[in-house]
Amino acid sequence: MKKTHIVLLVCIAAVIMVLLSFMGNLSTYETLASARQKPGKTVTVITQLDKSVEHPIEYDPLKNPNLTEFYVKDSLGNTAKVVYHFEKPFDMEKSDRIVLKGKMQGDVFEITRKDGILIKCPSKYKDDPKAAGNNLSQN
Amino acid sequence: MNSFGEHLLPGQIGHFLIILSLVASLIATIAYSKSTNALIPAEAASWKKIGRTAFVIDAFSVFGVFALIYYIISNHYMEYSYAWTHSDKSLEPKYLLSSIWEGQEGSFLLWAFWHGVIGIVLMKTSKKWEAPVMAVISFAQLCIATLLLGIFVFDLKVGSNPFILLKDSGVMSPENAPAFYSNGILRGDYLELIHRRGGQGLNQLLQNYWMVIHPPILFLGFASTIVPFAYAIAGLWTKDYGGWTKSQLPWSLFSAAILALGIMMGAKWAYESLNFGGYWAWDPVENASLVPWLIMIAGLHTQLIFNATGHSLRSTYLFYLLSFMLILYSTYLARSGDLQDTSVHAFVTSGMNWQLRIFVFAFVIPGLLMFALRYKKIPHIVKEESSWSREFWMFIGSLVLFLSSLAIIIPTSFPLFNKIFGTSLAIGEDQEFAYNRIQIFVAIIIGVITAIGQYLKYKTTNRQLFFKKLMVPTIIALIFSLIVSIFGNIDYDKYGIGYLAAIHLGIFASLYAVVANTSFIWLGLNGKLKAAGASVAHLGFSLFLLGALISSAKKEVLSVNKLNPLNFGPDQKEKGEENLTMFQGIETDMGDFWATYAKDSSTQGGKTMYFHIQMKRKDGKGEFMLVPDLIKNSKGQEGYSANPDAKHYLHKDIFTYISYADKMREGEDTSKFRPTSVAINDTVFYSSGIMILDTVQRNPANKRVQFTESDTAIMATIRVIPFNSGGKPITAQPYFYFRNNRAEYFPDTLITQGLAINLNKFAADQTFEIGVKESTRMTPFIALKVLVFPFINLVWGGVVLMLVGFVMAIVRRVKTLKA
């Protein structure tokens, strides 16, 4: 067996190992309903703020600067309360989409990592002609 | 100027130049291709001449387009959509350039701009390789020009024209913006309305000096990767497979250097102005620019192997082809909108996805096809490299870099896989660790190979000499790394003992590379610094690795909140308790420091609010201020962006940003002044104490205000005695003042008591009416996070040193080529 073959074999083994390690720790995209079926499993859900709640975001840094609670709904119209154990992200109110990564515990979606929330960058609103039109008329 | 007062000429010239560049790059592509394929030298020369002229026209058209966009933005011609969308009159002049590359069109333009510059340099320097290489670059210019075209072919939008007028862009349609229309017809003074309201402005986060320089450098890096690619295509095309690898080498070095610089400038920007608390987050858009660099470095090393020994030409071709293809792929990922659920940086879809896909495939398919068809013909040496040769270990290193890049790009592409195969894969909860636990092993292997690589000689090495020379650096590195491991308190056990061991190994490997590469300048090169480019670059890279390992593993949170810690169970050691609430003026315990939120200030108009945090060492050895700020977002996007501040030491940074400030709260304070009638010496209760009206004076001598005889000012002096103060009073002196027969009131505020007192008026019988207001809003507070990054300067310094090494290598190679 040639040395290059050994090197290649080792590499293939390494690649498989790496892929397996990623697989072992994968999460999947779910809806709020299907996430409820899998309590305790880390899932990713695409949601938006539930505007039907009077105060969709609750954050009182006087009481606890490390706790943000908010209400979301997903594309199927299911709603849930989310508990995020960090400070409120800055542009949360104006987001039209929030991607959550965390676990469903009972009826509450818990996020225990800071990067468990992804909110669209403000600059990106500029690419949306509808939003830009609103700005043009409003400001 | 027309009846609306629009400045149409720059836009018309601009769009003409875009079309001119499209046509010119098409002609350049054809002419250079014809020149490459021509069999008769005279024919080749005449085609080449046409190609040159066409490319120069293309390049200057692009420069012209660039200049015109700048002209439009700097003159605030808001009739243009680009100026309105990306700038504003209030924008500081130094950020006007940033407005250009905030938009997709501007960044494509930047790319084409650098292709133009690079192409002109190649015309002068690439000699017999000019025709095929320039054909490839001209073709890239053609593709980019179509992305800027902005015309409709049967309802299909081709490209996006940066010179489109706001009224034509769809934003200002009668449905979107009815205010601009009367009876369905655009108002004659619409432009005036827009000017009065101003543009949308530049995103606040981009108003940072790094954002002026980072995009041009990064795009120069992107653009430069086409040179190795074009040479590889040229080699396959002309069947002169190994003829270019020596003369082209400075370009590969240049590309690797500039791309690294561009990426790390982005990292520095993220560190200085974003609040994720670091410089690298394994965000898909970051990954997508790192991966081509890793592959470029792999290709650079295999190219060196080929130049020295004749091995590894095939892999050189593969790496250089892939590097540019992955640049295109990353462009697609960042701009197609496919990443918008996984990346904070990605654009939303621009409706040009089909065009971006064609752009990618137009290079990937012919490139890979040519490589596959000619693969067997690319010369290679059947005999294996010796294990005691430099080329063998360099090749292993390149292979590891290539595998490392696969381990990054595959998970990064999950959203795309999901889209194609209908799966729903996502990286697990802990994205950073998912990457780190793999790349730590890459760091270990690369560190060790970088350390020993140069001590090996090409072909074969004298083993005794090898061990003899390497002995001293090895021992020194072992001692150093043992010292760091034992006394450095590196106890990052969040992910278990195995990962901690890997970190220690990584620190050893990078220290080994640092020591070995430094000593190689004397042991291997006898101190000839001119020839030490590689050693210096490797030294810089290993310092960077060391800094990255230590600053991440020993990153420390100072602002630990002990008042309300949260319990996430045993599997979550990192608790959500990293923000501390601080009231103004109240000293707070923070690690080695007493921290006080001393005061805040703001720029004119309140656009930026600065929070002054005084950090006093508990051991009394000095104090300093941290001034993080909040910037009000540009128009149409209410809210704030946090901008960190850091105290830089040689060996660490103390880094802080505001997570919340009560000043951000919208709306006015709702609590009201409660009126009370009091006579002199009367006592009034408030929620946490009592207050006594001592005196009321006319025009008193006072430190706060100077009154003159012609003024009528009345000031009350009130003793406030809080219950918890042990009888120690605080004095409040509200007053009012008559000017032009109107009273002006000046309440006095006692922040510590959350109390404001106003002197309202005289009442009958020597009594006065005072207003008392109690509010939590009286005491400003912030929630902030303070982090320590030890040895972060090794990260920046290492990159700078690596670049110095690259420059030294480029200078030396260019000199040898000229000699």
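The values are calculated or read from the model by the stated rules, or taken from the named source; none is laboratory data. Since we're looking at a predicted model, the values are computed, not measured. As a convention, Cβ positions derive from the backbone with ideal geometry for all residues, glycine included, and neighbour counts pool all protein chains shown.
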May I ask you to list the residues in segment B:160-190 that are exposed (fewer than 13 other Cβ atoms within 10 Å of the Cβ) and among the polar types (S, T, N, Q)?
-> B:182, B:183
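Restrict the check to segment B:86-98 and report whether at least one residue is within 27 Å of residue B:225 (Cα to Cα), within 14 Å of chain A (Cβ to nearest Cβ) and touching a His at 6+ places or on another chain (Cβ under 9 Å).
In the first step, residues of segment B:86-98 are kept if they are within 27 Å of residue B:225 (Cα to Cα); the result is B:97-98.
Next cut, within 14 Å of chain A (Cβ to nearest Cβ) only: B:98.
In the following step, the residues that additionally are touching a His at 6+ places or on another chain (Cβ under 9 Å) were identified as B:98.
Yes, segment B:86-98 contains at least one residue that is within 27 Å of residue B:225 (Cα to Cα), within 14 Å of chain A (Cβ to nearest Cβ) and touching a His at 6+ places or on another chain (Cβ under 9 Å).
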Picking from B:329, B:320, B:271, which residue would you name as being touching a strand residue (DSSP E or B) at 6+ places or on another chain (Cβ under 9 Å) and not in a loop (DSSP other than H, G, I, E, B)?
-> B:271
In the set B:801, B:787, which member is buried (at least 16 other Cβ atoms within 10 Å of the Cβ), modelled with pLDDT of 85 or more and touching a strand residue (DSSP E or B) at 6+ places or on another chain (Cβ under 6 Å)?
-> B:787
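Is segment B:775-782 home to any residue that is in a helix (DSSP H, G or I) and away from chain A (no Cβ under 14 Å)? Spell out the reasoning first.
Step one: list which residues in segment B:775-782 are in a helix (DSSP H, G or I), which gives B:776-778.
Narrowing further to those that are away from chain A (no Cβ under 14 Å): none.
No.
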For residue B:517, state whether it is more than 27 Å from residue A:21 (Cβ to Cβ), surrounded by fewer than 18 Cβ atoms within 10 Å (Cβ to Cβ) and more than 28 Å from the chain's Cα centre (by Cα).
-> no
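Residue by residue, here is whether (1) free of Cβ contacts under 8 Å to residues at least 60 places away in the same chain; (2) out of contact with any strand residue (DSSP E or B) (no Cβ under 7 Å at 6 or more places or on another chain) holds:
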| residue | (1), (2) |
| --- | --- |
| A:43 | no, no |
| A:47 | yes, no |
| A:53 | yes, no |
| A:58 | yes, no |
| A:81 | yes, no |
| A:114 | yes, yes |
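Only one of B:142, B:149, B:165, B:122 is more than 14 Å from every other protein chain (Cβ to nearest Cβ), in contact (Cβ under 8 Å) with a residue 24 or more places away in the chain and under 23 Å from residue B:77 (Cβ atoms). Can you tell me which?
On the way: B:142 fails: under 23 Å from residue B:77 (Cβ atoms); B:165 fails: more than 14 Å from every other protein chain (Cβ to nearest Cβ); B:122 fails: under 23 Å from residue B:77 (Cβ atoms).
From the options B:142, B:149, B:165, B:122, the qualifying one is B:149.
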Across segment B:393-443, what is the number of residues that are within 8 Å of chain A (Cβ to nearest Cβ), under 27 Å from residue B:549 (Cβ atoms) and not basic (Lys, Arg)?
-> 15
Of all residues in segment A:78-88, count the ones that are modelled with pLDDT under 85 and either surrounded by fewer than 21 Cβ atoms within 10 Å (Cβ to Cβ) or of a type in the set (S, T, N, Q) (or both).
-> 0
Of the residues B:184, B:198, which is farther than 30 Å from residue B:553 by Cα and free of Cβ contacts under 8 Å to residues at least 40 places away in the same chain?
-> B:184
Could you say whether any residue in segment B:707-715 is modelled with pLDDT of 80 or more, away from every other protein chain (no Cβ under 14 Å) and within 54 Å of the chain's Cα centre (by Cα)?
-> no
Going through segment A:50-65 in order, the residues found to be out of contact with any Lys or Arg (no Cβ under 8 Å at 6 or more places or on another chain) and within 14 Å of chain B (Cβ to nearest Cβ) are A:55, A:58, A:60, A:61, A:62, A:63, A:64, A:65
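With the requirement that a residue be outside any loop (DSSP other than H, G, I, E, B) and acidic (Asp, Glu), what does segment B:163-195 give you? Walk me through how you get there before you give the answer.
Here is the first cut: in segment B:163-195, the residues outside any loop (DSSP other than H, G, I, E, B) are B:165-168, B:178-182, B:185-186, B:190-195.
Answer for segment B:163-195, where residues must be outside any loop (DSSP other than H, G, I, E, B) and acidic (Asp, Glu): B:168, B:192.
Residue-by-condition table, conditions (1) of a type outside the set (Gly, Ala, Ser); (2) out of contact with any strand residue (DSSP E or B) (no Cβ under 6 Å at 6 or more places or on another chain); (3) within 27 Å of residue B:815 (Cα to Cα):
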residue	(1), (2), (3)
B:202	yes, yes, no
B:206	yes, yes, no
B:230	no, yes, yes
B:250	yes, yes, yes
B:258	yes, yes, yes
B:284	yes, yes, no
B:290	yes, yes, no
B:294	yes, yes, yes
Residue satisfying condition, being buried (at least 19 other Cβ atoms within 10 Å of the Cβ), hydroxyl-bearing (Ser, Thr, Tyr) and either touching an Asp or Glu at 6+ places or on another chain (Cβ under 6 Å) or on the phi > 0 side of the Ramachandran plot (or both), within set A:42, A:31 = A:42
Is there a residue being outside any helix (DSSP H, G or I) and under 23 Å from the mean Cα position of the chain (by Cα) anywhere in segment B:230-244?
-> no
Within segment B:341-353, is there a residue that is away from every other protein chain (no Cβ under 12 Å) and either at pLDDT below 95 or surrounded by fewer than 21 Cβ atoms within 10 Å (Cβ to Cβ) (or both)?
-> yes
Within the bounds of segment A:32-48, is there any residue that is over 27 Å from residue A:89 (Cβ atoms) and more than 19 Å from the chain's Cα centre (by Cα)?
-> no
Mind telling me which of the residues A:101, A:120 ends up being under 27 Å from residue B:205 (Cα atoms), modelled with pLDDT of 85 or more and within 7 Å of another protein chain (Cβ to nearest Cβ)?
-> A:101
Could you please let me know if residue B:293 is surrounded by fewer than 21 Cβ atoms within 10 Å (Cβ to Cβ) and not acidic (Asp, Glu)?
-> no
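Residue by residue, here is whether (1) buried (at least 18 other Cβ atoms within 10 Å of the Cβ); (2) in a helix (DSSP H, G or I); (3) at positive phi holds:
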site: B:756; (1), (2), (3): yes, no, no
site: B:771; (1), (2), (3): yes, no, no
site: B:793; (1), (2), (3): yes, yes, no
site: B:807; (1), (2), (3): no, yes, no
site: B:812; (1), (2), (3): no, yes, no
site: B:815; (1), (2), (3): no, yes, no
Residues of segment B:34-81 satisfying the condition of being surrounded by fewer than 21 Cβ atoms within 10 Å (Cβ to Cβ), polar (S, T, N, Q) and assigned to a helix (DSSP H, G or I) = B:37, B:46, B:53, B:74
Take residue A:44 and decide whether it is at pLDDT below 80, within 20 Å of residue A:98 (Cβ to Cβ) and within 11 Å of another protein chain (Cβ to nearest Cβ).
-> no
